Amino acid sequence: MEGPGEAPGPQPPHPEDHRIRDGDFVVLKREDVFKAVQVQRRKKVTFEKQWFYLDNIIGHSYGTTFEVTNGGSLQPKKKKEEPTSETKEAGTDNRNIIDDGKSQKLTQDDIKALKDKGIKGEEIVQQLIENSTTFRDKTEFAQDKYIKKKKKKYEAIITVVKPSTRILSIMYYAREPGKINHMRYDTLAQMLTLGNIRAGNKMIVMETCAGLVLGAMMERMGGFGSIIQLYPGGGPVRAATACFGFPKSFLSGLYEFPLNKVDSLLNGTFSAEMLSSEPKDSASVEESNGTLEEKQTTEQEKEDSVAEAQESHHPQEQETMEIVSQDPEYKEPKERGSKKDYIQEKQRRQEEQRKRHLEAAALLSERNADGLIVASRFHPTPLLLTLLDFVAPSRPFVVYCQYKESSSTLFMLLAAVGMLYKTAGKRRGHQPQTV
């Protein structure tokens, strides 16, 4: 139960949460390829060499499948019953089929003309089958392979799914595994289980996985409890965390603290003046976080340019998107306001971030965290031995390292330290888990 002075916790999910709204983060799925984007009206999105707008997905349920129509519009795809009574006419083998490039009667100009008329991809595939002189001579397996290949090329079928730990882990591991230290989604699931991540916990995390581990912990805790993120450099990187689309209530229990101030916190020499001595770094990183969150969309810029070149026969749609950037009166948000307002807003954010750092320092000073997760590109041994002092006795900790040599070195050291603690009769026992 909540006390009279306590703020209410996160509310249970509303039925409208299962519908896509403007500003939500969604994941686009096409076969086994994923891409995380933010829903914005009249925003051009390119995915798998196909451009479209996300306006029409607003109001639909997550998991709906859409088809890209003429002009970049998305329309819900109706389920079509496959005929079961008809039998396919197929050959016995492919030995007499010669790939001379003359088996298809439709030329590229004919296919382009069909696209210009607004013919759907499904109908184009059917016409390709009917105009193929060798299709009926192929085996049933070869026919299915041919249809699957043509559907992938001409049918733009996209499913919009809700972001989750599993989907984002698969997406990052397939597209850029180096950003998450080559962590598989089943490994991340083991870390959450072994670390006893649950609602109401007070957790410490040190990760350099673009915020994926942090987002997975926040999803598991459901907005209840607190998480202190230790970060190297000027500020935390939360590009993957932003893709989850958490509500603001989830961010109230999220704290951050610079890793280079941990030693002073352990020695008792930490003070508020140490944070105010470097406001420049914190502000610059806070601004760059906005660009880091958008890195998901910039990863396919080369692919986007190829797709736009292929779709150059739609000048009207492209001109409408270029008007904004070519308008001389259009200015960035920072340029619209005066310089004084921008400086005041910058100072306000610095002061707010400083308060959050002091709150994180106070939570760490209690040294009663319920668990610790370490998943970084740095050597885990010095990190773990330093951060263990903030964890309460008999609490689990999980260490992930993509190199088995570093993990085995740490494990042997922990085993040796554990024997020393047993010999000395000390009671500060932790449950080590290395992944």
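Tabulated data
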{"item": "Label-to-label distance, nm, for residues given as residue 65 and residue 366 (7 Å Cα→Cβ offset)", "result": "5.0"}
{"item": "Sulfur and carbon atoms: percent of accessible area, the stretch 139-235 [1.4 Å]", "result": "54"}
{"item": "Local electrostatic count at residue 366 - Lys and Arg +1, Asp and Glu -1, tallied over other residues with Cβ under 12 Å", "result": "-1"}
{"item": "Neighbour net charge for residue 190 - beta-carbon separation under 14 angstrom, K R +1, D E -1", "result": "+2"}
{"item": "Long pairs among 29/77; 112/148; 115/152; 49/153, criterion Cα-Cα beyond 18 Å", "result": "112/148"}
{"item": "Summed residue charge, Cβ within 12 Å of residue 22's Cβ, Lys/Arg positive, Asp/Glu negative", "result": "+3"}
{"item": "Cβ-Cβ FRET estimate between residue 342 and residue 145, R0 fixed at 56 Å, reported to 0.05", "result": "0.45"}
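The values are calculated or read from the model by the stated rules, or taken from the named source; none is laboratory data. Treat the numbers as computed from the prediction; the structure is a model and nothing was measured. In this analysis, Cβ positions are derived from the backbone assuming ideal geometry, glycine residues included, and neighbour counts consider all displayed protein chains. Surface areas here come from the heavy atoms of the whole protein model, side chains and all, with no ligands, DNA or RNA. Shrake-Rupley method; radii C 1.70, N 1.55, O 1.52, S 1.80 Å.
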